[in-house]
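J.: Please find one structure pasted underneath; my questions will follow.
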Amino acid sequence: MFSPRSISLIAAVGLCHFSAHATETDDIKQQLAALKAQIAALEQRLAEQEVAGEKATALLAQQQADTADNAADADKDGINVGGAIRTNYSHTSYSDGNKNRGGDFAFDIFRLNLNGSIGDVLLNAEIRFFDYMTAVKYAYVGYQLTEDWQVQAGITQVPFGNWPYNSHNYFFSTNYYLGLEDDHDLGIMFKRQLADNWQLDLGFFKNDELGGVDGYVSSRADRYSYDVVGYRQGDDGIYDDPTQPLGEYNTFSGRFAYQLEHSSDFTTELGVSALAGGLHNGSSRAGSYNAWALHLNSHYQRWNLQLQHGEYHYNIDDVDRMAVGAYAFYDSIAAKAKTSTVNLAYSLPIEWGPVTGLQFYNNYGLVYDKSDNSRDTMMNVTGFSVAAGGLFTYFDLVHARNQPFVGGSAAGDSSETERRFNINIGYYF
């Protein structure tokens, strides 16, 4: 069974650049020393704060690579190439064949990343190759307008909720399967970095990453992140190809966050997010959609607490169920629902052979008050991640009801709790 989890490892933290006109050896040595000191400080901070596991490994590796590039030639632009190869083992309660075989071990993805700059223009892109599809997760160019503001144009992440992820585990949260976590669409975004304790992201997205309702693609389900691709009528099956196609268009999204500094090792980010846009059937506007969320992301020493609550609504006359597409298949969600998540994680830096970090977590999500009167969707993931050189591994025990990739659908009506034990092993380069 293919995996829903694709983890973005390209971080958005930058280091101070060398002066383009530095010519004296002493100045260069001082700048190199300052960069090395920043790297050492970041290594300590990453062990204690928000970005852990795979995301921390990728961030640190990228910044160390940036330092090495600057040391080689401070004036050269260029594009860095990286990527990952991942495999996956799963043992489930909902497949008799899987249980009889003692689980299944399969190829997950091969991934390529491009990241760098030419002149003052930034480039960031990721393409993923699965057995069953190829998908571009993001691909955008950027420009630093001022010290605090950056603009990004292309397929970029929609600013919404706890950032950049509202989860710690391999499966994300229940919000991901609603298109409300790690979603990427085609548009333009203005990002204000954290300064004076606040930051702001504002985006306008013309349509989804596949060109909208009439994009020239062989399948509108061949994508990384979940988007609405149609609506369901009473006799439509949950997994049917949509017979009433729709596409998101002209979506505005905003995310505001304020950071409270309780002490040197205790910070809390409080935020609010909202988005609103239209739905098009290929010939005319068919409806609208909107969503909002309140979120908290708190770090105390090695602990991380994430809380989020919100609602979404696809507003089409006499429609209470929508069709969504991702990972080469179609599924369904309620047209309107509430969603809440509670995530707790503990990061432990260690030196045990090649192992340099562990993170233990429990992530809980619930989708309820659904417009289609289906039962609640629940997912609880208990697990830990292991960083060891270029290897990063998730060990997850999932219990869920009406949850995609755990024996159900977000529009399912089952009262049974299913189980999935999952190990995802990735080598990142």
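The values are calculated or read from the model by the stated rules, or taken from the named source; none is laboratory data. What you see is a predicted model; the values in this text were computed from it and never measured. Cβ sites come from the backbone with ideal geometry, for glycine too, and all protein chains shown count toward neighbours. To get the accessible areas, we keep the full protein, side chains included, count just its heavy atoms, and leave off ligands, DNA and RNA. Shrake-Rupley method; radii C 1.70, N 1.55, O 1.52, S 1.80 Å.
J.: Output the strands (runs of 3 or more DSSP E) that fall wholly within the stretch 297-366 and possess 3 or more residues being farther than 30 Å from Asn197 by Cα and of a type in the set (A, V, I, L, M), or say none.
T.: Per the criteria, 321-326.
J.: While we're here: What number of residues within the stretch 240-267 are assigned to a strand (DSSP E or B) and within 28 Å of the chain's Cα centre (by Cα)?
T.: Qualifying residue count for the region: 19.
J.: Examine the stretch 336-356 for a residue that is surrounded by fewer than 17 Cβ atoms within 10 Å (Cβ to Cβ), within 22 Å of the chain's Cα centre (by Cα) and closer than 19 Å to Asp236 by Cβ, and state whether such a residue exists.
T.: Within the stretch 336-356, not a single residue is surrounded by fewer than 17 Cβ atoms within 10 Å (Cβ to Cβ), within 22 Å of the chain's Cα centre (by Cα) and closer than 19 Å to Asp236 by Cβ.
J.: Enumerate the strands (runs of 3 or more DSSP E) found wholly within the stretch 149-239, keeping only those where 3 or more residues are surrounded by 15 or more Cβ atoms within 10 Å (Cβ to Cβ) and among the charged types (D, E, K, R).
T.: Fully inside the stretch 149-239 and qualifying: 184-195, 198-208.
J.: Separate question: Given the conditions (1) open to solvent by less than 30 Å² (accessible area, probe 1.4 Å); (2) under 20 Å from the mean Cα position of the chain (by Cα); (3) not acidic (Asp, Glu), which single one is not true for Ser374?
T.: (2)
J.: If you don't mind, there's one more thing I want to ask. Here are some residues: Asp182, Asp148. Which one is in contact with a helix residue (DSSP H, G or I) (Cβ under 7 Å, 6 or more places away or on another chain) and either over 22 Å from Gln359 (Cα atoms) or of a type outside the set (Phe, Trp, Tyr) (or both)?
T.: None of the others qualify; the one that does is Asp182.
J.: Residue under question is Tyr289, and the condition is that it be surrounded by 15 or more Cβ atoms within 10 Å (Cβ to Cβ), among the aromatic types (Phe, Trp, Tyr) and touching a residue at least 40 places away in the same chain (Cβ under 8 Å); does it hold?
T.: yes
J.: Same structure again: Quick one: which of Leu279, Leu270, Leu275 is assigned to a strand (DSSP E or B), open to solvent by 30 Å² or more (accessible area, probe 1.4 Å) and of a type in the set (A, V, I, L, M, F, W, C)?
T.: Checking each option against the conditions leaves just Leu270.
J.: Separate question: Name the residue that is surrounded by the fewest Cβ atoms within 10 Å (Cβ to Cβ), counting only residues in the stretch 387-427 that are in contact with a helix residue (DSSP H, G or I) (Cβ under 8 Å, 6 or more places away or on another chain) and assigned to a strand (DSSP E or B).
T.: Gly426
J.: Let me ask something additional. I'm trying to understand the selection: among the residues of the stretch 296-311, which are within 20 Å of Gly277 (Cβ to Cβ) and open to solvent by 10 Å² or more (accessible area, probe 1.4 Å)?
T.: Glu311 - this is the single residue of the stretch 296-311 that is within 20 Å of Gly277 (Cβ to Cβ) and open to solvent by 10 Å² or more (accessible area, probe 1.4 Å).
J.: I would also like to ask the following. Can you say whether Arg255 is modelled with pLDDT of 95 or more, of a type in the set (D, E, K, R), open to solvent by less than 20 Å² (accessible area, probe 1.4 Å) and closer than 21 Å to Pro164 by Cβ, as far as the supplied structure shows?
T.: When the stated conditions are applied, Arg255 passes them.
J.: Now for a separate question. Would you be able to say whether some residue in the stretch 393-402 is more than 29 Å from Asp240 (Cβ to Cβ) and charged (D, E, K, R)?
T.: Checking the stretch 393-402: at least one residue is more than 29 Å from Asp240 (Cβ to Cβ) and charged (D, E, K, R).
J.: If a residue must be open to solvent by less than 40 Å² (accessible area, probe 1.4 Å) and assigned to a strand (DSSP E or B), how many such residues does the stretch 88-105 contain?
T.: The total comes to 3.
J.: Scan the stretch 94-123 for residues that are of a type outside the set (Val, Ile, Thr), within 26 Å of the chain's Cα centre (by Cα) and more than 21 Å from Gly426 (Cα to Cα) and report the count.
T.: 4
J.: Continuing with the same structure: When the residues of the stretch 122-148 are narrowed to those that are of a type in the set (Val, Ile, Thr) and assigned to a strand (DSSP E or B), which ends up nearest to Ser340 (Cα to Cα)?
T.: Checked the stretch 122-148; the qualifying residue nearest to Ser340 (Cα to Cα) is Val136.
J.: For Glu261, indicate whether it is open to solvent by 50 Å² or more (accessible area, probe 1.4 Å), farther than 30 Å from Ser371 by Cβ and in contact (Cβ under 8 Å) with a residue 24 or more places away in the chain.
T.: yes
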